[in-house]
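First up is the structure itself, then whatever we jot down about it.
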Amino acid sequence: MDTPSEETTEVSQVNIELLDFTPMKNAGSLLALADVALMLDGVEIIIHGVQVRADFRNTRISLPKFRASSGEWKPAITLPEEVRYPMADIIIAAGIEAGILQPRDVEKSEV
């Protein structure tokens, strides 16, 4: 007798911790660099060099990049929106607390 197959969905919790937030001086639109720890199912992943950039229009949180053989800058790590956006919120809060950012609309597309 055939039984209906059970669909299973795995849910993982990700903990995000800001390890370091370093304001940058005289670096153009680069205002700070952040180091972030992601804890996923007991495995810690540390991302160094998350960039905080701002100009008169918006603020961007960008993951570290590397220069590809084509000369183009590409993200060194790809994270899903469910992780990128909360991570960006934590970094922005640190920037506001440090006095280098002011609360306003934030562009998260480059996170």
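The values are calculated or read from the model by the stated rules, or taken from the named source; none is laboratory data. The model shown is predicted, which means the values in this text are computed figures rather than measured ones. Neighbour counts are summed over all protein chains in view; Cβ atoms, including those assigned to glycine, are modelled from backbone coordinates with ideal geometry.
Looking at segment 65-85, which of the residues that are surrounded by 14 or more Cβ atoms within 10 Å (Cβ to Cβ) and of a type outside the set (Phe, Trp, Tyr) is farthest from SER12 (Cα to Cα)?
In this case the residue turns out to be LYS65.
Return a yes/no flag: does segment 38-53 have any residue that is assigned to a strand (DSSP E or B), out of contact with any Asp or Glu (no Cβ under 7 Å at 6 or more places or on another chain), surrounded by 13 or more Cβ atoms within 10 Å (Cβ to Cβ) and at positive phi.
Scanning segment 38-53, I find at least one residue that is assigned to a strand (DSSP E or B), out of contact with any Asp or Glu (no Cβ under 7 Å at 6 or more places or on another chain), surrounded by 13 or more Cβ atoms within 10 Å (Cβ to Cβ) and at positive phi, so the answer is yes.
At pLDDT 95 or above and in a loop (DSSP other than H, G, I, E, B): does that describe SER70?
yes
Based on what the data block shows, is ARG60 farther than 30 Å from GLU10 by Cα, among the charged types (D, E, K, R) and at pLDDT 95 or above?
no
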